[in-house]
Every structure is written in C-alpha cells, then in structure tokens.
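*Asks:* Input: one structure, supplied below.
The values are calculated or read from the model by the stated rules, or taken from the named source; none is laboratory data. No experiment lies behind these values; they were computed from the predicted model shown. When we count neighbours, we look across all protein chains shown, and the Cβ atoms used for this are built from the backbone with ideal geometry, even at glycine.
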Amino acid sequence: MDLSLVELDVDRRGGSKHVLVVVYRAAGTGIDECARAHRAMRPVLEARFGEDGYTLEVSSPGIDRVIRAPSEYSVFAGRGVRLQLAGGAELAGRIESCDGSILTVSRDGATEAVALVDIRTGKLDSSQEGR
C-alpha cells in the first residue's frame, strides 16, 4: 500500500474497542491514504471484534508529531525534526537516517550523529524542511 504504520493503539471505550491507526507516506499522507488504510483494516477488525464491536480512527502523523518510538526516526527520514537532548541542548535539522541506535541529522550543510539514548524528546518540525 506504500504506507508505513506509525502507531496502532487499541483501547476500550464503553462496550467496544477503539482502534487508533496512524499511517505515513513520504510522498504525502492525505485523506485518500487514510481511507485506503481504513478499507484494508476493516475486514481484519471485523473478524477480530465483530462488525459492531469496534470503532476505527485512521489519521496521518501531522506536521508536528511527537516522536513516540525510536523506529519512527527511520520512517520519517527526510522530514524536519527538533530534538531535546540529555543535558538540555537542542538540535534541529532534517532526519538523514537512523540505524536503530544512532540518528543522523543534517543542518546547515553538515551532519550530526546523535545516540538515541541521548534524546529526551523528539518532534517533527516542518520549519526545518527545505533548508
């Protein structure tokens, strides 16, 4: 489907399950991509929870998503990011790559490698794109 699954969360709301799905496509994630993901997931969820046993919410990550898992850095390669590092420093730039332990960020024509364990918080930052 040319989509990356960024987040999947299932919780109980009332008497049914609420399923939250966040999908991403590097070329752009709009309503058409969310609708495709919704249609693809319905048969699986109906088999698991019954036709009326769930609600499904599908969305894109948004332009200022808080990075919730280290694997998201690879998914969002090429996107702008703002990092709060251990010790209080801040780093902003564009995600170049992530190998699971080291994140490489480019800014001002140079690259900087940051250990994932040194990142306190990360957030997508569209203002860093196109620089």
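*Asks:* Inspect all residues belonging to segment 103-111 and state whether any of them is of a type in the set (D, E, K, R), at pLDDT below 95 and assigned to a strand (DSSP E or B). I'd like the intermediate steps shown before the answer.
*Replies:* Step one: list which residues in segment 103-111 are of a type in the set (D, E, K, R), which gives 107-108.
Add one more test, that the residue is at pLDDT below 95, and what stays is 107-108.
Cutting the leftovers down to assigned to a strand (DSSP E or B) gives us 107.
Yes.
*Asks:* Given the criterion surrounded by fewer than 18 Cβ atoms within 10 Å (Cβ to Cβ), closer than 30 Å to residue 115 by Cα and not assigned by TED's automatic domain parsing to the domain that holds residue 122, identify the matching residue among 35, 27, 47, 40.
*Replies:* Numbers: 35 fails: closer than 30 Å to residue 115 by Cα; 47 fails: closer than 30 Å to residue 115 by Cα; 40 fails: closer than 30 Å to residue 115 by Cα.
Matching residue, one of 35, 27, 47, 40: 27.
*Asks:* Check off (1) surrounded by 12 or more Cβ atoms within 10 Å (Cβ to Cβ); (2) within 17 Å of residue 124 (Cα to Cα); (3) among the aliphatic types (A, V, I, L, M); (4) at pLDDT 95 or above for residue 66 and give me the number that stays unchecked.
*Replies:* (1)
*Asks:* While we're here: List, please: which pairs have Cβ atoms under 7 Å, are six or more places apart or on different chains, and start with a residue in segment 60-86 that is within 12 Å of residue 119 (Cα to Cα) and end with one that is among the hydroxyl-bearing types (Ser, Thr, Tyr)?
*Replies:* 67/73; 84/121
*Asks:* A further question on this structure: Identify, from the list 64, 9, 32, 52, the residue that is under 15 Å from the mean Cα position of the chain (by Cα), among the charged types (D, E, K, R) and outside any strand (DSSP E or B).
*Replies:* 64
*Asks:* Of all residues being in contact (Cβ under 8 Å) with a residue 24 or more places away in the chain and not charged (D, E, K, R) in segment 28-49, which is farthest from residue 66 (Cα to Cα)? Just the residue, please. Don't jump to the end; show me each part of the working.
*Replies:* So the first thing to find is which residues in segment 28-49 are in contact (Cβ under 8 Å) with a residue 24 or more places away in the chain, and the list is 29-30, 33-34, 36-37, 40, 45, 49.
Now restrict to residues that are not charged (D, E, K, R): 29-30, 34, 37, 40, 45, 49.
Numbers: 29: 17, 30: 19, 34: 19, 37: 22, 40: 26, 45: 27, 49: 30 Å.
The selected residue is 49.
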